[in-house]
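Here the structure is laid out as structure tokens; the discussion comes afterwards.
The values are calculated or read from the model by the stated rules, or taken from the named source; none is laboratory data. Only a predicted model underlies this, so the values are computations on that prediction, with no experimental measurement involved. Backbone-built Cβ (ideal geometry, glycine too); neighbour counts: all protein chains shown.
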Amino acid sequence: MTNEDRAYQFIKNQITSGMYRPGHVLSENQMCIKLDMSRTPVREAFKKLENDGLIERDGQETRVTQIKKEELRENYDLRSMLEGYALEKSFSNLDKSKSEKFRMGFTNALDSKNWEDYLKLDEQFHHFLTKNNDQSTLQKSLDLLQSQTNQMRYAIRDDQRCMISSVDEILQIIDAIAENDRYEAVCRLNKHVKSVYDWEVEYLTIQQEEKTEAN
């Protein structure tokens, strides 16, 4: 892995995990020191992250992109359509034994109330459902949309209702796979994606109301 890739992956993971939240200021100099590398790979990583929509330049400052409801809706609408299409294409090649391992993993994460395990499994599960060709335009588009929407996952991490609801929806998708029901699997996937969007919008609405009251 090149230094540029290492810097890109590190910053991207910090953003999508919620360590660097929307509005967080990023400094090239500080990142160079933190990662012990020169400015060039860090600068190139910043350019890639800006192209991905994960960071934005505000004059002389670089910040983690602020999330707007309209953009979130558009991203989730696109994600729902593309993931549904990808699952349609990949369904006949899905490894049912692997889907059952996901069932066990999600059940354990829910029983232990381990949000970090749930998030990792969720990302892996969506990739499992939609994986076609890592270099395809479809896969690249899905990876980008997932990175952008995953920014908000940290926001609802303390709400156990979300985890309970999401795991139940995922288990229903796994049931459809076990029954070899392509149509139902796609419908349940779309329902799950919309449900996660609804949870995130609820959080943004509450946050906006609190900000308005404070002003």
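So which helices (runs of 4 or more DSSP H) stay within region 84-200 end to end and still have 3 or more residues that are farther than 24 Å from I55 by Cα? Lay out the reasoning, then the answer.
On the way: elements: 96-111, 115-130, 137-150, 160-178.
Passing ranges, in order: 96-111, 115-130, 160-178.
Looking at region 12-30, which of its residues are of a type in the set (A, V, I, L, M, F, W, C) and out of contact with any Lys or Arg (no Cβ under 9 Å at 6 or more places or on another chain)? Step through it out loud before you land on a result.
Filtering region 12-30 down to residues of a type in the set (A, V, I, L, M, F, W, C) leaves 15, 19, 25-26.
Within region 12-30, M19 is the sole residue that qualifies.
Any residue in region 114-128 that is over 30 Å from Q207 (Cβ atoms) and either aromatic (F, W, Y) or buried (at least 19 other Cβ atoms within 10 Å of the Cβ) (or both)? Break it down stepwise before answering.
Taking region 114-128 and keeping what is over 30 Å from Q207 (Cβ atoms), we get 128.
Of the ones still in play, those that are also either aromatic (F, W, Y) or buried (at least 19 other Cβ atoms within 10 Å of the Cβ) (or both) are 128.
Yes, because at least one residue in region 114-128 is over 30 Å from Q207 (Cβ atoms) and either aromatic (F, W, Y) or buried (at least 19 other Cβ atoms within 10 Å of the Cβ) (or both).
Given L26, L87, L49, L35, which one is assigned by TED's automatic domain parsing to the domain that holds L129 and at pLDDT 90 or above? Explain how you work it out, then say what you get.
Working: L26 fails: assigned by TED's automatic domain parsing to the domain that holds L129; L49 fails: assigned by TED's automatic domain parsing to the domain that holds L129; L35 fails: assigned by TED's automatic domain parsing to the domain that holds L129.
Residue meeting the stated conditions: L87.
Going by the structure shown, is D175 surrounded by fewer than 15 Cβ atoms within 10 Å (Cβ to Cβ), at pLDDT 95 or above and on the phi < 0 side of the Ramachandran plot?
Values: surrounded by fewer than 15 Cβ atoms within 10 Å (Cβ to Cβ): no; at pLDDT 95 or above: yes; on the phi < 0 side of the Ramachandran plot: yes.
So D175 does not fit the description; no.
Considering only region 179-189, state which residues are exposed (fewer than 13 other Cβ atoms within 10 Å of the Cβ) and either among the hydrophobic types (A, V, I, L, M, F, W, C) or in contact with a helix residue (DSSP H, G or I) (Cβ under 7 Å, 6 or more places away or on another chain) (or both).
If the condition is that a residue be exposed (fewer than 13 other Cβ atoms within 10 Å of the Cβ) and either among the hydrophobic types (A, V, I, L, M, F, W, C) or in contact with a helix residue (DSSP H, G or I) (Cβ under 7 Å, 6 or more places away or on another chain) (or both), then no residue fits.
Yes/no matrix, rows are residues, columns are (1) exposed (fewer than 15 other Cβ atoms within 10 Å of the Cβ); (2) in contact with a Phe, Trp or Tyr (Cβ under 8 Å, 6 or more places away or on another chain); (3) at pLDDT 90 or above:
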residue	(1), (2), (3)
L144	no, no, no
M152	no, yes, no
I156	no, yes, no
C162	no, yes, no
E169	no, no, yes
K191	yes, no, yes
D198	yes, no, yes
Q208	yes, no, no
T212	yes, no, no
